[in-house]
Amino acid sequence: MLLRVVSLSAALLFTGSVLAQEAINPKWENEISRIEAREMERPFQPGGVVFTGSSSIKRWATLAEDFPTVKLTNRGFGGSQLSDLIAYFDRVVLPGKPSQIVLYSGTNDVNAGESPEQVLGDFATLCGMIERELPNAKIAYISAAPNPKRWHLREAYEHMNVIVAEYCERMGYEFIDVWTPMMGEDGKPSRDIYVEDDLHMNVAGYVMWRRIVAPYLAR
């Protein structure tokens, strides 16, 4: 059984590496440059916490206010996938040698047609890069969030959460479950925590995330 788990992990790492080689997307250049310019004006303190991933991170406008005792920076770029984080690793994850990386990524990947297993493969590849370049850094992965807009992808997102959570437990990473608390009593996503597009969170949604994420942050 152990051999099977190790083999699966190796296969996932290989799959993620192959996908990453094909994933360099120049459309993010302007947004990455904006992140770099912002940090030139407000330098990130080495050893702090990097939040990165897709739009749910980028739109977290109150991030610094929500965690005032944490040295952090927001390097989210909306619409991105894990393969984009891999491609821009040296510019989005590595600068400042953070002590912790908090990730929210993978949901756009599934929406674009990737399987949960492909998402896990890319996540494993990214984590391998982090461990190689930042061996003392902690990794925290925020689970897929349920939202009304993509509720038709519910089963894929739930499966993704399960296999990523298992991988995090095996590797010693933190898995932050936001799926469960964001669900309503009717078994569907709570609509009152989303803006009109039914995809992105409103202020109430981020208040919830602040409460959920806080215990996992390195201080």
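For this structure, a couple of remarks:
- Flag for GLU133 being among the acidic types (Asp, Glu), free of Cβ contacts under 8 Å to residues at least 60 places away in the same chain and under 19 Å from THR52 (Cβ atoms): yes
- In segment 42-105, counting only helices (runs of 4 or more DSSP H) that sit wholly within it, the ones holding 3 or more residues that are more than 17 Å from VAL119 (Cβ to Cβ) span 63-66, 89-92.
- For segment 75-94, the tally of residues that are surrounded by fewer than 22 Cβ atoms within 10 Å (Cβ to Cβ), closer than 19 Å to LEU134 by Cβ and touching a helix residue (DSSP H, G or I) at 6+ places or on another chain (Cβ under 7 Å) stands at 4.
- LEU126 vs. criteria crowded, with 17+ Cβ neighbours inside 10 Å, out of contact with any Asp or Glu (no Cβ under 7 Å at 6 or more places or on another chain), of a type outside the set (D, E, K, R) and without any contact (Cβ under 8 Å) to a residue 24 or more places away in the chain: no
- Flag set for GLU114, criterion: modelled with pLDDT of 95 or more and part of a loop (DSSP other than H, G, I, E, B).
- Test for LYS149: is it surrounded by fewer than 16 Cβ atoms within 10 Å (Cβ to Cβ), touching a residue at least 24 places away in the same chain (Cβ under 8 Å), in contact with an Asp or Glu (Cβ under 6 Å, 6 or more places away or on another chain) and of a type in the set (Lys, Arg): yes
- Against the test of being among the acidic types (Asp, Glu) and touching a strand residue (DSSP E or B) at 6+ places or on another chain (Cβ under 9 Å), the options ASP192, ASP177, ASP197 yield a single qualifying residue, ASP177.
- The residues in segment 108-130 that are over 21 Å from SER55 (Cβ atoms) and among the polar types (S, T, N, Q) can be counted, and the count is 2.
- The single condition from (1) of a type in the set (Phe, Trp, Tyr); (2) surrounded by fewer than 19 Cβ atoms within 10 Å (Cβ to Cβ); (3) under 17 Å from the mean Cα position of the chain (by Cα) that PHE67 fails is (3).
- Boolean, GLU114 is among the charged types (D, E, K, R) and more than 27 Å from LYS188 (Cα to Cα): no
- Scope segment 133-163; condition in contact with a strand residue (DSSP E or B) (Cβ under 6 Å, 6 or more places away or on another chain) and part of a helix (DSSP H, G or I); matching residues: PRO148
- Each residue in segment 164-201 was checked for being part of a loop (DSSP other than H, G, I, E, B) and surrounded by fewer than 16 Cβ atoms within 10 Å (Cβ to Cβ), and 13 of them qualify.
- Boolean, ALA214 is of a type outside the set (S, T, N, Q), within 23 Å of THR69 (Cβ to Cβ) and at pLDDT below 95: no
- Flag if ALA64 is at pLDDT below 95 and in contact with a Ser or Thr (Cβ under 9 Å, 6 or more places away or on another chain): no
- The residue pairs whose first member lies in segment 31-53 and is at positive phi, whose second member is hydroxyl-bearing (Ser, Thr, Tyr) and assigned to a strand (DSSP E or B), and whose beta carbons are closer than 7 Å, counting only pairs six or more residues apart or on different chains, are GLY53/TYR104.
The values are calculated or read from the model by the stated rules, or taken from the named source; none is laboratory data. Here the structure is a predicted model, which means the values were calculated and not measured. Here Cβ is always computed from backbone atoms with ideal geometry, including for glycine, and neighbour counts include all displayed protein chains.
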